[in-house]
1. Provide Asp488, Asp310 in ascending order of the number of other Cβ atoms located within 10 Å of each residue's Cβ, fewest first.
2. Sum -39500 (n - 2.57) across every DSSP H segment of at least 4 residues in the chain, then divide by the residue count to get the 222 nm mean residue ellipticity, nearest 500.
3. Please work out the FRET efficiency for the pair Lys316 and Asn142, using the Cβ-Cβ distance as r and a Förster radius of 22 Å; give the result to the nearest 0.05.
4. How do Trp347, Trp120, Trp103 line up, fewest other C-beta atoms within 10 Å first?
5. When Ser430, Ser307 are ordered from fewest to most other Cβ atoms inside 10 Å of their Cβ, what list results?
6. Please give the helix 336-349 orientation as an angle from the longest Cα principal axis of the chain, in degrees from 0 to 90, rounded to the nearest 10.
7. Please tell me which of these pairs span more than 28 angstrom C-alpha to C-alpha: Lys304/Lys503; Lys390/Lys463; Lys390/Lys503; Lys14/Lys74?
8. Residue by residue through segment 50-55, what is 3J(HN,Hα) from phi via Karplus (6.51 cos²θ - 1.76 cosθ + 1.60, θ = phi - 60°)? Round to whole Hz and write x for glycine and proline.
Amino acid sequence: MATPTSTASGGELKPTLGLTGVTINAMALIAPGAFLWTTFQSQCAFGASSMWASVLVATLVALATATCYAAFAKKYPEAGAGSSYFYSEAAFLEHESHSRFKWARLSKLIVGIAAHLYYWVYPGVMVAFMGTLLIFVGQLFNPNFATQPIQQMGICVVFALLVGAIAYIGVTGSTMANIVINIIQIAALIVFSVAAIMFRLHHPGLAYEHHSMASVVSPHGATQLLFQSTIAILLVVGFESATALAAEAKNPKHDIPRGVILSLVIQAVIFYFFEYFAANYFIGAHYAAIVDKAGSHFSLIDPKITSIMDPSIDQKTYAGGSILTGYSAAASDSAPIGSFSNIIGTWLFHSAKAGFYFELIMALTVVLALIGTALSCLSTGVRVTYAMGKDNELPGIFGFVHGKFNTPHVGVIVLTILSAAIGAYGVLNSDNLIKIALISNLGTFMLYGLTCLVTYIGFSTDKDAPFFSTKLVPVIGVILNTGLALGDFYFAFAAPSATAATKYDTKCALTVTIGFIVLSFLYLAVRSAVRKEPMFLSPDHRETMTANGSA
């Protein structure tokens with residue numbers, strides 16, 4: 001039987017969290033206030049009319065995977081910080097067939113590698129998002145703010161250090177910060193969403209992208225829906241972070257399964273559905289902009305302007321450019337939700353200046369949301385590393401706990417440095433950001449798909465386990481996660497929308513992913529050989545462990 005990662009020295013994490021703390025930390029990672037802003041532009045590149053439906057598909061994929069995590073969390077409350085790393089070993093060790101015992105260690109190592117590909121890259125993606133957003137906010141006041149690469153990289157480094165410092169102090173401080181951040185971001189997105197719907201209701205004569213509410217929530221083509229879903233999955237990842245807090249939960253058997261499902265239902269089913277409906281219900285021809293020929297300059301214009309030669313347009317900057325509206329404009333806008341806020345604020349408060357400040361306030365709430373997201377995913381990532389360190393699968397130093405703050409501080413330091421480096425690379429241009437996001441996405445699909453698979457294996461012979469949640473849903477989860485991963489490759493290489501840039505970015509992401517997996521296996525194989533520990537366990541492994549424990 002797998003142990004709750006307690007074999008190495010260095011202290012233990014202490015239980016301090018109730019259901020609220022567990023749920024809030026997972027909610028911070030899902031963060032609807034952050035991802036509507038950071039992903040809306042890329043979602044408008046192709047098939048934007050199916051955006052809301054794709055959020056529904058991504059949420060269903062996430063719910064299928066969350067059901068697997070919740071089933072394991074209820075069965076193994078002793079998993080500690082190990083999450084799916086622990087579950088993947090236990091699923092084989094507790095199987096009735098002794099012939100499957102040999103796969104237990106290999107299974108947990110594969111899942112551990114996938115977890116690190118996801119958790120050790122994702123915080124860097126959040127740092128890059130934050131760097132991009134802070135540059136946008138700064139340039140609202142000064143167009144020359146942080147225009148040099150070294151300045152942009154410096155912003156990311158400072159942000160990563162700030163988040164790392166909070167994570168170093170401990171999960172209690174992180175929880176309090178996340179409670180405040182969640183309240184602010186939820187309040188802001190409700191205000192934005194209600195105002196966006198009010199705008200449309202008060203302007204029924206404008207030309208909108210969707211002619212009705214039913215059109216907003218309906219899919220408009222299978223290809224469009226698949227493309228949108230490969231992006232939308234980024235919105236809903238993070239619910240599983242609750243399981244990495246089992247060692248710090250006061251009642252893990254009760255609170256962890258509920259925290260997994262509650263965080264996803266609250267953030268996705270309630271707030272994502274609402275805000276994506278509002279944003280897509282709002283967008284139309286009244287959202288008009290001019291873009292220069294190179295696509296490097298974007299500016300909102302009066303929707304009444306229909307010619308590039310209009311006297312109000314700066315011909316020196318925009319000669320040869322295009323006037324765009326609706327989804328086409330959003331695809332060229334680095335912050336379409338900011339532009340929406342500007343238009344809504346100008347109408348709501350009858351002042352262009354008020355529109356600017358409404359946009360600024362919305363941007364600042366997104367800054368707070370990204371702080372919570374980065375903090376939550378960094379804290380989750382280091383706890384899986386801590387579990388592997390306690391198991392001596394990684395150097396034992398990663399299994400140490402800080403004497404004062406009760407945190408896996410070595411992992412926090414290492415992941416903070418790594419996040420700063422990844423974020424500094426991603427903030428430099430959109431291609432870099434796509435590469436690191438793809439690497440993280442591949443890790444996500446691997447981890448989620450494998451967790452669904454081991455859920456089916458672990459409960460397949462348990463006659464008392466519910467058929468729907470432990471047998472049918474895991475199979476659906478494997479299919480859906482695999483399908484979305486294949487969708488990423490299809491749209492990068494084979495779809496009509498594929499470009500030389502998407503092909504190159506995806507090849508780079510694949511190269512890094514495969515290289516990481518190969519190097520990880522080499523490291524673990526060498527470490528196993530040095531420690532004389534077999535990769536494949538003997539059929540009597542469980543009995544041997546029981547005998548040793550009794551002795």
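Values quoted throughout were computed directly from the atomic coordinates according to the rules given, and no laboratory measurement underlies them. Just so you know, these numbers come straight off a predicted model, no measurement behind them. Here the Cβ is made from the backbone with ideal geometry for all residues, glycine too, and neighbour counts use every protein chain on show.
1. Ordered from fewest to most neighbouring Cβ atoms within 10 Å, Asp488, Asp310 come out as Asp310, Asp488.
2. About -22000 deg cm²/dmol.
3. Plugging the Cβ-Cβ distance into 1/(1 + (r/R0)^6) gives 0.60.
4. Ascending number of Cβ neighbours within 10 Å: Trp347, Trp103, Trp120.
5. Fewest-to-most ranking of Ser430, Ser307: Ser307, Ser430.
6. Roughly 50 degrees between the two axes.
7. Those over the limit are Lys304/Lys503; Lys390/Lys463; Lys390/Lys503.
8. 9, 4, 4, 4, 5, 5
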